[in-house]
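Below: one structure, written as structure tokens.
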Amino acid sequence: MSKDTIVIREIEPQDNAEIEAVIRSCFHEFDIPLEGTAYTDPETTKMFQSYQNDNEAYFVIECNGKVEGGGGIKPLSDSNVDICEIQKMYFSKKVRGRGYGRALFEKCMQKAKALGYNTCYLESASQLKAAIHIYESYGFSHLDGALGNTGHYSCGVWMIKNL
């Protein structure tokens, strides 16, 4: 991949279909439940439009002009205003294991701090072991249950970190 051109940037309207395809393909690849997850979340079909408020952001990884992954932050629904949630962080096979996901994750964490969040929360599926390992390496700790009201009742991993 050394000849590939990789860009991490904010999502644009034309990215919706490509990032939706990346997100949905991960569910099938890792055998993650579809209901009660990002797979059936209404935002997944309109990612650009879903991250347009001042206190949220979504970034994509573009490889040779094609969106191959993404992740974002938003206020945690039905929670304190100083808690954000890392959301919809999924990557295609093409960019996994190359450090790009870690770079995008760091960009999300930096953006969360810049937006004034004090705490970062995330939910994941137990099947995403590599992602959970990355979260742990950044100091996220496990919780016994969900915070806020994300609507993702099939996610069984909940983590939090003070920024």
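Computed values, structure above
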{"quantity": "Subset of region 30-55 that is part of a helix (DSSP H, G or I) and surrounded by 12 or more Cβ atoms within 10 Å (Cβ to Cβ) - its residue that is modelled with the lowest pLDDT", "calculated": "GLU43"}
{"quantity": "Options LYS111, LYS107, LYS93; residue that is part of a loop (DSSP other than H, G, I, E, B) and either under 19 Å from GLU29 (Cβ atoms) or within 14 Å of the chain's Cα centre (by Cα) (or both)", "calculated": "LYS93"}
{"quantity": "Residue selected from region 149-159 under the condition assigned to a loop (DSSP other than H, G, I, E, B) and in contact with a strand residue (DSSP E or B) (Cβ under 7 Å, 6 or more places away or on another chain), by the criterion surrounded by the fewest Cβ atoms within 10 Å (Cβ to Cβ)", "calculated": "CYS155"}
{"quantity": "Scope region 133-148; condition assigned to a loop (DSSP other than H, G, I, E, B) and more than 16 Å from the chain's Cα centre (by Cα); matching residues", "calculated": "GLY139, LEU143, ASP144, GLY145, ALA146, LEU147, GLY148"}
{"quantity": "Residue list for region 4-16, filter: within 16 Å of the chain's Cα centre (by Cα) and not in a loop (DSSP other than H, G, I, E, B)", "calculated": "ILE8, ARG9, GLU10, ASP15, ASN16"}
{"quantity": "Inter-residue pairs, beta-carbon under 7 Å, first in contact (Cβ under 8 Å) with a residue 12 or more places away in the chain and crowded, with 16+ Cβ neighbours inside 10 Å and in region 113-138, second polar (S, T, N, Q) and not in a loop (DSSP other than H, G, I, E, B), 6+ apart", "calculated": "THR119/ASN162; ALA131/SER124; ILE132/SER124"}
{"quantity": "Cβ-Cβ under 7 Å pairs, at least 6 apart or on other chains, region 20-49 side farther than 19 Å from GLY151 by Cα, far side part of a helix (DSSP H, G or I) and at pLDDT 85 or above", "calculated": "PHE48/PRO13; PHE48/ASP15; PHE48/ASN16"}
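The values are calculated or read from the model by the stated rules, or taken from the named source; none is laboratory data. Every value quoted in this text rests on a predicted model; they were computed, and no experiment measured them. Neighbour counts run over all protein chains shown; Cβ positions are idealised from the backbone, glycine included.
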